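The values are calculated or read from the model by the stated rules, or taken from the named source; none is laboratory data. Here the structure is a predicted model, which is why all the values come from computation and not from measurement. Virtual Cβ from ideal backbone geometry, glycine too; neighbours counted across all protein chains shown. Calculation scope for accessible area: heavy atoms of the full protein, side chains included, ligands and nucleic acids excluded. Shrake-Rupley method; radii C 1.70, N 1.55, O 1.52, S 1.80 Å.
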Amino acid sequence: MSRTIRIIGWGNVGRGDDGAALMLLDRLAEMGVEAYPDVTLHAHHQLGPEVAVDMADAEVVVFVDAHVDTERAALSFDVVQADTGGALDSHHCSPAMLLALCRSMGLRTPAAYVLAIRAYDCSFGDGLSRETGELVDRGVELLSQRLDSWRSHALVNGDAIVVGA
Amino acid sequence: MSRVIKIDPITRVEGHGRVTLHLDESGAVERARFHVVEFRGFEKFCEGRHFSEMPTLTQRICGICPVSHHLAAAKAIDAICNVEPPPTARMLRELMHMGQLIQSHALSFFHLSAPDLLMGFDAPPEKRNIFGLIAEDPGNARKGIGLRKFGQDVIAASGGRKIHPDFCVPGGVNKALSVDERDGLLSRIDEVKQWAHDGLNLLRGYFDKEQSFVSGFGTFPTFYMGLIRPDGGLEHYDGLLRMKSPDGTIVEDSYSPANYLSLIAEATEDWSYLKFPFYRAAGYPEGSYRVGPLARLNICDQVGTPEADAELSYFRSLSQGKPMVEGSMYFHYARLIEVLFGIERVALLLNDPEILSEDLIAESTELCEEGVGVIEAPRGTLFHHFMVNDHGGIERVNLIVASGQNNYAMNRAVAEVAREHVNGAQLEESMLNKVEAAVRCYDPCLSCSTHALGQMGLRVELYDAERNLVDEVSR
């Protein structure tokens, strides 16, 4: 069964590893992922509330972001649920808030996941650290497998994958 | 016992800021200050880079208004190359700028400020947000998000992508607009224009209901500055500077933006990283001025598009007989008029066949020592000034952004609102929210104005007469 899948990445390529998600999107684009009619890639500097509108016609959304949490797995792929916590005090929304916005506005709320990539060096400058670059490689592989799975099999909600630190 | 209240960080604005309220022994506000506590020094980072990189470098200053920095820098490098972009390039740059204006203003009003107005300043803090707004008024919340999306889509269509486009190059732009992109945007004009009218009606209803509160909210005289067209009409991309005095007199007109250093200067205070620009001829602080939507509508003779011009007469009536509209809360109305203006300008630009031309770059072989680019960013006048060496390397950068130019006014608004609404003897959260709302009227981007990094929240601290911290609230 074909699904409408949106892959949404954000970050700043001018701050080293903070641009990991955008680099991953570039890699997927180079692989021709968008040639599939049901997959689109979306790059953002940050997530604004209007992203909720883009999500509403999708069945699956994958958010891709860099993280700096030393307690968290270096690469993780987790289900994300709608949550209104920390409601838009600034111009940035979290994935959970975007899902909550979809739900609050009566729009379709897609199944959503976060692919989080550990950022080791966010100092000024282009390019990724070796460690984050390797995680991006693994993230591309993981996401490719997922895309193949979603495009050909029924979606199983609630699953989570953690790839080692 | 006298006390000091600190609101730190302030919420629903961008960047880190803090408010301190000094109370006297009766609990009345004696003095108030709005501190900006971030520092980045972006101007220094740019030194040594090639001038042609500046449009892509400086848009990294801000995640909120990267387009404004991109365009101001582009104008500055045009000046360094002593080149005038072809008409289509100018139109496409303005198109992108209007997209930025629409999306920025829509988010500021509908998501950051409307919750206070529609749900009340004393509504529970956990309800005063976009989700509370959706529950209270789902139609207008959706329209706000729709306007924001339209503005973002205009930026993406003109620049090729929503974030950090490499659209502007010296002497022009590097992407033409396609027929499909033009027609796609044009097909949405009627709908988004109606949404802008709905927002204006919503705000007018609030003003009618809360006239006394609104008219006295952060109301004080200042100078006003911004760009205008040669005919006195509202201008955001190009034009000349005009300065009006508090009594409505035009004290500077048709002033070349390149000579801005003769017009304004910057004062500093030891309690803020944000400078205090002022009108040089009037001195500091007497010459403090405001920029942004309120200032632009105060200085212009007309808006220049029919539906926005019709709204201007109502805006002027808000002055209550004074020569200028002084109330900080009226920034919101001016902001929504500019959303309507932006949509009308988008339609005008897209309906001009010239917009599809592929004559996009003018060539130059000249290299000048310096260049100044000035535009009206959503929050107000934005100056980019670059000085280069013989090889085009950046030697010095001066950036003066809108939120900095409103620094004095934000301080004054905080003080006025605090004196009117804060009772230190019986402190309530809603009182402090009103103080924050005074800052939100200006929609400041503090990350941008101090060239800082981070997000903004709110903290309140109480000090006794001996300046000892006796209470603190954070959120």
Farther than 30 Å from B:Glu307 by Cα and either open to solvent by 10 Å² or more (accessible area, probe 1.4 Å) or under 19 Å from the mean Cα position of the chain (by Cα) (or both): does that describe B:Asp352? no
Residue hits (the range A:1-51; small (Gly, Ala, Ser), more than 14 Å from chain B (Cβ to nearest Cβ), touching a helix residue (DSSP H, G or I) at 6+ places or on another chain (Cβ under 8 Å) and outside any helix (DSSP H, G or I)) are A:Ser2
Being of a type in the set (Asp, Glu), out of contact with any Asp or Glu (no Cβ under 7 Å at 6 or more places or on another chain) and assigned by TED's automatic domain parsing to the domain that holds B:Gly171 narrows B:Glu43, B:Glu53, B:Glu94, B:Glu25 down to just B:Glu94
**So B:Ser328, is it of a type in the set (Ser, Thr, Tyr), under 20 Å from B:Asp116 (Cβ atoms) and open to solvent by less than 10 Å² (accessible area, probe 1.4 Å)** = yes
Going through the range B:316-369 in order, the residues found to be free of Cβ contacts under 8 Å to residues at least 24 places away in the same chain and of a type in the set (Gly, Ala, Ser) are B:Ser317, B:Ser319, B:Gly321
Matching residues in the range B:42-71 (closer than 20 Å to B:Asn389 by Cα and part of a helix (DSSP H, G or I)) number 12
If we ask which residues in the range A:56-80 are within 12 Å of chain B (Cβ to nearest Cβ) and touching a residue at least 60 places away in the same chain (Cβ under 8 Å), their number turns out to be 0
So, first residue facing chain B (nearest Cβ under 7 Å) and open to solvent by less than 40 Å² (accessible area, probe 1.4 Å) in the range A:84-100, second residue at pLDDT 90 or above and assigned to a loop (DSSP other than H, G, I, E, B), Cβ within less than 7 Å, six or more apart or across chains; the pairs are A:Ala100/A:Ala82
For the range B:180-205, the count of residues that are open to solvent by 40 Å² or more (accessible area, probe 1.4 Å), among the charged types (D, E, K, R) and farther than 26 Å from A:Leu41 by Cα equals 3
Only one of B:Phe51, B:Phe45, B:Phe110 is within 12 Å of another protein chain (Cβ to nearest Cβ) and in contact (Cβ under 8 Å) with a residue 40 or more places away in the chain, namely B:Phe110
For the range A:35-55, pairs from a residue that is in contact (Cβ under 8 Å) with a residue 24 or more places away in the chain and within 14 Å of B:Leu107 (Cα to Cα) to a residue that is buried (at least 23 other Cβ atoms within 10 Å of the Cβ) and polar (S, T, N, Q), with Cβ under 7 Å and 6 or more apart or across chains, are none
Considering the range B:123-155, residues that are of a type in the set (Gly, Ala, Ser) and within 9 Å of chain A (Cβ to nearest Cβ), and then whichever is surrounded by the fewest Cβ atoms within 10 Å (Cβ to Cβ), we arrive at B:Ala135
Please work out if B:Pro378 is out of contact with any strand residue (DSSP E or B) (no Cβ under 6 Å at 6 or more places or on another chain) and open to solvent by less than 10 Å² (accessible area, probe 1.4 Å). yes
- request: Examine the range B:156-179 for a residue that is open to solvent by 20 Å² or more (accessible area, probe 1.4 Å), at pLDDT 95 or above and either part of a helix (DSSP H, G or I) or not assigned by TED's automatic domain parsing to the domain that holds B:Glu338 (or both), and state whether such a residue exists.
  value: yes
Within the range B:23-37, identify whether any single residue is of a type in the set (A, V, I, L, M, F, W, C), at pLDDT below 95 and under 25 Å from A:Arg15 (Cβ atoms), and answer yes or no.
yes
